[in-house]
1. Which percent of the accessible area of region 111-158 is formed by carbon and sulfur heavy atoms (probe 1.4 angstrom)?
2. Based on the Cβ-Cβ distance of residue 51 and residue 9, what FRET efficiency does E = 1/(1 + (r/R0)^6) give at R0 = 25 Å, to the nearest 0.05?
3. Based on the Cβ-Cβ distance from residue 33 to residue 161, what FRET efficiency comes out when R0 is 41 Å, to the nearest 0.05?
4. Over 10 Å intervals from 0, what percent of Cα-Cα pairs in the chain sits in each interval?
5. State the answer as a single residue: which of 236, 271, 27 lies farthest towards the positive end of the charge dipole of the chain, with beta carbon charges of +1 for Lys and Arg and -1 for Asp and Glu, about the Cα centre.
6. For residue 42 and residue 117 in the same chain, what is the full-extension length gain: residue separation times 0.36 nm, less their Cα-Cα distance, in nm?
7. Please calculate how many Å² of accessible area the chain carries per residue, with a 1.4 Å probe and no DNA, RNA or ligand atoms counted.
8. Cross-link partners among lysines for residue 239, C-alpha distance below 20 Å, same-chain residues fewer than 8 apart left out?
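The values are calculated or read from the model by the stated rules, or taken from the named source; none is laboratory data. Since the model is a prediction, treat every value here as computed from it, not as a measurement. Glycine also receives a Cβ, built like all others from the backbone with ideal geometry; neighbour counts cover every protein chain displayed. Keep in mind that these areas ignore ligands, DNA and RNA; they rest on the heavy atoms of the full protein, side chains included. Shrake-Rupley method; radii C 1.70, N 1.55, O 1.52, S 1.80 Å.
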Amino acid sequence: MQNIALFDFLEFESNDTGKIKLNSDCNDLSLKDDNLIIKAANYIKGISDNRKLGANIFLKKNIPIGAGLAGGSSNAAATLIGLDKLWNLNLDYETIISLSAKLGSDVPFFVDGGCQLCFGRGEIVEKYNSIFDYGVILLKNPKISISTSDAYKKYNNKFGSKLHDECEKINLIRNDLRINGFNELYSSKENIKLKNDLQLIVEEENDSVKQALNLLSNLQNCFSVSMSGSGPTCFALFKDVNKANDVFAKNQKLFYKNGFDAWVCKFINNGITFL
């Protein structure tokens with residue numbers, strides 16, 4: 001997993017009501033107990049054993065909802081870290097990681113962020129010291145959102161019976177990643193083929209994913225394309241963010257003409273940041 005420079009912003013303020021109050025500039029987002037920010041706040045308050053702790057939280061949303069870009073997961077991790085600091089709880093790292101794993105499989109990644117190898121359900125993370133300086137162009141149809149749980153269920157129903165037969169192969173791949181990593185790819189002049197298993201399901205049911213991948217694969221100087229997470233966001237990789245910006249400028253009207261929101265981002269080496 002890799003952090004990119006596309007951020008939501010969270011503001012935290014103590015209150016004396018003992019309640020967690022969440023507001024946002026995004027009207028399409030639930031602000032109730034099903035929101036991962038509220039869940040994270042209740043988890044960390046629960047282990048503090050202080051019912052008087054309260055917080056007013058404001059979310060400025062930039063990462064699109066249901067996009068396969070882990071906006072909810074990153075906000076959950078930010079809430080754990082932010083409230084630990086706001087309430088002066090001084091929780092140890094292992095406790096933060098344990099709480100984050102309960103919130104979601106990819107939440108632990110965002111505690112440290114950067115580039116990490118992720119195993120298990122995604123909650124077992126190993127820091128990877130990458131030398132990546134890639135630029136990335138993202139495309140997403142704003143009218144389409146994907147449920148991560150639905151995508152996993154559909155994949156499991158179709159391919160789940162084959163997974164146990166591939167355990168040995170998967171372990172070999174994991175060990176190869178630990179030993180050799182990806183750094184040699186950075187100097188490669190060849191295109192890199194990325195594989196996202198969920199793409200097999202999501203692309204079949206969503207024309208916008210097919211269209212986005214087709215547009216991205218035809219961009220000049222792009223060396224790899226894939227769907228992000230459970231989709232529908234798709235991305236193209238470039239050797240650096242300057243090349244990505246040049247290509248974006250030349251194709252921005254084309255992206256919007258085909259109904260896509262589009263972004264240019266660089267890779268970053270950190271997770272949650274205080275401003």
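1. Numbers: 1240 of 2540 Å².
Roughly 49 percent of what the probe reaches on region 111-158 is carbon or sulfur.
2. Working: r = 28 Å, r/R0 = 1.13.
Efficiency at R0 = 25 Å is approximately 0.35.
3. Details: r = 36 Å, r/R0 = 0.87.
The calculated FRET efficiency here is 0.70.
4. 6, 26, 34, 24, 9, 1
5. Working it through, the farthest residue towards the positive pole turns out to be 27.
6. 24.1 nm
7. Numbers: 15430 Å² over 275 residues.
I get 56 Å² per residue for the chain.
8. Hits, sequence-local ones excluded: 189, 193, 195, 250, 266.
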